[in-house]
Amino acid sequence: MKVAIIASNGGAFDAYKVLNIATAAAATDAEVEVFFTFEGLNMIHKEAHKNLPLPEGKEHYQEGFDQANVPSIPELVETANDLGVKFIACQMTMDVMNLKKEDFVDGTEVGGAATYLGFAKDADVSLTF
């Protein structure tokens with residue numbers, strides 16, 4: 001199975017959605033590729049992914065995450081990497097935001113929309129967050 005995900009939003013809720021599905025799919029031997037664009041790049045940014053905000057008024061969820069032993073965003077990023085989830089940082093967005101490949105977690109590749117489309121065209125599942 002192939003799972004293609006676009007991550008264009010950069011808050012904690014979005015990161016949990018993207019990384020939970022990506023790691024679950026990879027754990028079942030699916031081939032998974034996540035295309036990070038715009039604020040979604042924060043999920044794989046070496047510093048930003050450590051402090052992704054919860055939506056205003058939803059800060060109480062953090063206590064629930066902690067009580068339920070939900071892994072942190074950095075732990076999920078590491079797990080996804082370990083499971084072979086392919087991270088693609090959008091080149092155009094990186095140029096607009098003046099970001100470099102070195103700004104992202106190890107293993108991140110850089111590509112454009114065509115890179116994502118080449119994978120997604122044959123995907124069994126395609127999701128956007």
Heavy-atom accessible area per residue - the chain, 1.4 Å, Å²: 54
Where a Cα-Cα gap under 24 Å defines reach, which lysines qualify for K2, not counting those fewer than 8 residues away within the same chain? K17, K86, K121
Residue-wise, which Karplus ³J(HN,Hα) couplings in Hz belong to the stretch 100-108, taking 6.51 cos²θ - 1.76 cosθ + 1.60, θ = phi - 60°, and x for glycine or proline? 10, 3, 5, 6, 10, 4, 4, x, 6
Any chance you could run the full-extension gain for D82 through L127? It's 0.36 nm times the residue separation minus the Cα-Cα distance, nm to one decimal. 14.1 nm
Sequence ranges 102-110, 2-10, 86-94, ranked by mean other-Cβ count within 10 angstrom, highest first: 2-10, 86-94, 102-110
If we count every other residue with Cβ under 10 angstrom of M94's Cβ, Lys/Arg +1 and Asp/Glu -1, where does the sum land? 0
With +1 on each Lys and Arg Cβ and -1 on each Asp and Glu Cβ, and nothing else charged, work out how big the dipole of the stretch 17-56 is about its Cα centre, in Debye to the nearest 20. 140
If you take Cα extents along the principal axes in Å from the coordinates, which of (1) 40, 36, 23; (2) 51, 37, 27; (3) 47, 33, 28 do you get? (1)
Could you go through the stretch 74-84 in sequence order and give the Karplus-derived ³J(HN,Hα) for each residue, using 6.51 cos²θ - 1.76 cosθ + 1.60 with θ = phi - 60°, rounded to whole Hz, and x for Gly and Pro? x, 5, 5, 4, 5, 4, 4, 4, 4, 7, x
If you take the C-alpha gyration tensor of the stretch 10-61, multiply each eigenvalue by 5 and take the square root, what semi-axes do you get, largest first, in whole Å? 22, 14, 8
Gain in span if fully extended, N20 to E109, counting 0.36 nm per residue against the direct Cα distance: 30.0 nm
If we count every other residue with Cβ under 13 angstrom of D122's Cβ, Lys/Arg +1 and Asp/Glu -1, where does the sum land? -1
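The values are calculated or read from the model by the stated rules, or taken from the named source; none is laboratory data. Fair warning: this is a prediction, and the values are worked out from it, not measured in the lab. Cβ: placed from backbone, ideal geometry, glycine included. Neighbour counts: every protein chain shown. In case anyone asks, the SASA skips ligands and DNA or RNA and just uses the protein heavy atoms, side chains included. Shrake-Rupley method; radii C 1.70, N 1.55, O 1.52, S 1.80 Å.
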